[in-house]
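Since the structure comes first, as structure tokens, the remarks are kept for the end.
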């Protein structure tokens, strides 16, 4: 990952000193925490005062790796972890979840189609990016893998057991502590956002994206919601507009689709925002 070893400079490298420090004679002084190299001292790096540094590290590490992989743009896929694959839909907790297995298949197909496009751009553009977990995320990474391309997984440490799904490209499988930095990485390179039915996490990611576009903190991009019946049932968009808490024009910030092909068509026809 690091280019430090190839860089021409007269200074001794930090890797060399980190290795040398492991061979230091064992004395009361060298055993003391104060003697540890700061960048090799987990107890120091995890101190409360070092939170700003940890923020920076979580921002930098994925950024540098994706830059080195030549990734220019992504297509983000948000959606529920509990949506089952069609072959196991009978094991779903509810009939509604079982019926939603159709979106697992649409997510898989969408990722396949976008990855075919990505491969034409040498894997630099339209790279599938998911949260790296099960459900819709697994379907997205699977579709990209089946198309022969790479895909990104942005996992996060959770209290319950969490592991990347097996279809994430290993060198693009990241793990986060801070939700805020993870959300930044979802959107920093995004050319389009797709949102499948989901729970609190999916809603959080959707509204974060819509808020950034609405307030012009982020340039408009296609925001595509799969499953109009689901979204209209859980969110009364029209009521927000009628109440005046959002503008009627804000309803144009997103589109509904039912199939992967419809989503691809929206991305293909996207013209960007009109000038004010």
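Remark: spin-label model distance residue 204-residue 259 equals 3.5 nm, labels positioned 7 Å along the Cα→Cβ axis. Translational diffusion of the chain was estimated from the Stokes-Einstein equation, with Rh taken as the Kirkwood radius over Cα pairs; at 37 °C and 0.692 mPa s the coefficient is 157 µm²/s.
The distance from the alpha carbon centre of segment 171-191 to that of segment 67-141 is 16 Å, rounded to a whole number.
Relative to the longest principal axis of the Cα atoms of the chain, helix 179-188 runs at roughly 70 degrees. Each of 108, 191, 93 has some number of other Cβ atoms within 10 Å of its Cβ, and from fewest to most they run 93, 191, 108. What is the helix-to-structure angle for 51-68, meaning the angle in degrees between its Cα long axis and the longest Cα principal axis of the chain, kept from 0 to 90 and rounded to the nearest 10? With both axes taken from Cα atoms, the answer is about 70 degrees.
With neighbour counts taken as other beta-carbon atoms within 10 Å, the residues 250, 67 rank, fewest first, as 67, 250.
The slack in the chain from residue 211 to residue 252, taken as 0.36 nm per residue of separation less the alpha-carbon distance, amounts to 13.5 nm.
Distance distribution P(r), segment 5-124, all Cα-Cα pairs, bin width 5 angstrom from 0: 2, 8, 10, 10, 11, 10, 10, 9, 10, 7, 7, 5, 2, 0 percent.
This ranking places 74, 202, 30 by how few other beta-carbon atoms lie within 10 Å of each, fewest first, which gives 30, 202, 74. Principal-axis analysis of the Cα atoms of the chain puts helix 200-214 at an angle of about 80° to the longest axis. Dividing the C-alpha radius of gyration of segment 177-262 by 2.2 N^0.38 Å, with N its residue count, gives 1.10.
A short reminder: the numbers here are calculations on the coordinates, not readings from a lab. As the structure is a computational prediction, the values presented were derived from the model and not from experiment. Backbone-built Cβ (ideal geometry, glycine too); neighbour counts: all protein chains shown.
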